[in-house]
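Asker: Sharing a structure here in structure tokens format.
The values are calculated or read from the model by the stated rules, or taken from the named source; none is laboratory data. What you see is a predicted model; the values in this text were computed from it and never measured. For neighbour counting, all protein chains shown are included, and Cβ atoms are generated from backbone atoms with ideal geometry for every residue, glycine included.
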Amino acid sequence: MEQEQRTEHPITASEPVVTPDVSYVREDDLPWEIQTPHSRRKVLRLDESLYVAIVEWDPGFAVPDDDHFGGEEIVYILHGTLADQYRASGAGTIIRAAAGSSHRRGTPDGVTFMVVRTLADGEQARIAGH
């Protein structure tokens, strides 16, 4: 079995290096996009097939119904509590909602989460308009 040869590159925070096809952005440098008076997001990617964002909801905010007709959704809770009609989940929880699933989400105490969602045809325009 051949051993893989690697070239060592020291990792240093003080000397950024230009890396092809890789971008680095500080989350603090991205503006919040207001969705409602009690919800906002920072869109990391939105194209015809994929939506990725950091979302923040104020305490008491709720979405009446959230249907996943477009595709699978994965949520990673960063801070606070995200609840639906089935359970409440806190920071560090990963939630996967299969395509076609439905739930009613909200937060009793405020929440910040990262969402990754695959999109169906035409869904990009609906999500961009929020």
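Asker: For residues that are within 15 Å of the chain's Cα centre (by Cα), within 20 Å of Thr118 (Cα to Cα), touching a residue at least 24 places away in the same chain (Cβ under 8 Å) and assigned to a strand (DSSP E or B), tally how many sit in the range 67-99.
Answerer: Residues in the range 67-99 being within 15 Å of the chain's Cα centre (by Cα), within 20 Å of Thr118 (Cα to Cα), touching a residue at least 24 places away in the same chain (Cβ under 8 Å) and assigned to a strand (DSSP E or B): 7 in total.
Asker: Among the candidates Ala128, Ala120, Ala91, Ala53, which residue alone is modelled with pLDDT under 95, within 30 Å of Ser23 (Cβ to Cβ) and surrounded by 14 or more Cβ atoms within 10 Å (Cβ to Cβ)?
Answerer: Selected residue: Ala120, the only one of Ala128, Ala120, Ala91, Ala53 that is modelled with pLDDT under 95, within 30 Å of Ser23 (Cβ to Cβ) and surrounded by 14 or more Cβ atoms within 10 Å (Cβ to Cβ).
Asker: Checking Thr107 against (1) under 27 Å from Glu48 (Cα atoms); (2) among the β-branched types (Val, Ile, Thr); (3) crowded, with 18+ Cβ neighbours inside 10 Å, only one condition comes out false. Which one?
Answerer: Single failed check for Thr107: (1).
Asker: Can you work out which of the residues in the range 110-127 that are in a strand (DSSP E or B) and aliphatic (A, V, I, L, M) is farthest from Ala53 (Cα to Cα)?
Answerer: Looking at residues that are in a strand (DSSP E or B) and aliphatic (A, V, I, L, M), I get Val111.
Asker: Right, next: Please verify whether Pro59 is in contact with a Gly (Cβ under 8 Å, 6 or more places away or on another chain), loosely packed, with under 15 Cβ neighbours inside 10 Å and free of Cβ contacts under 8 Å to residues at least 60 places away in the same chain, treating the condition exactly as stated.
Answerer: Yes, satisfied.
Asker: Can you tell which of Asp58, Asp109 is under 17 Å from Thr36 (Cβ atoms) and more than 15 Å from the chain's Cα centre (by Cα)? Don't jump to the end; show me each part of the working.
Answerer: Details: Asp109 fails: under 17 Å from Thr36 (Cβ atoms).
Criteria check complete, one pass: Asp58.
Asker: Now for a different question. Report, by residue number, each residue of the range 25-46 that is assigned to a strand (DSSP E or B), over 17 Å from Phe61 (Cα atoms) and out of contact with any strand residue (DSSP E or B) (no Cβ under 6 Å at 6 or more places or on another chain).
Answerer: Leu46, the sole residue that qualifies.
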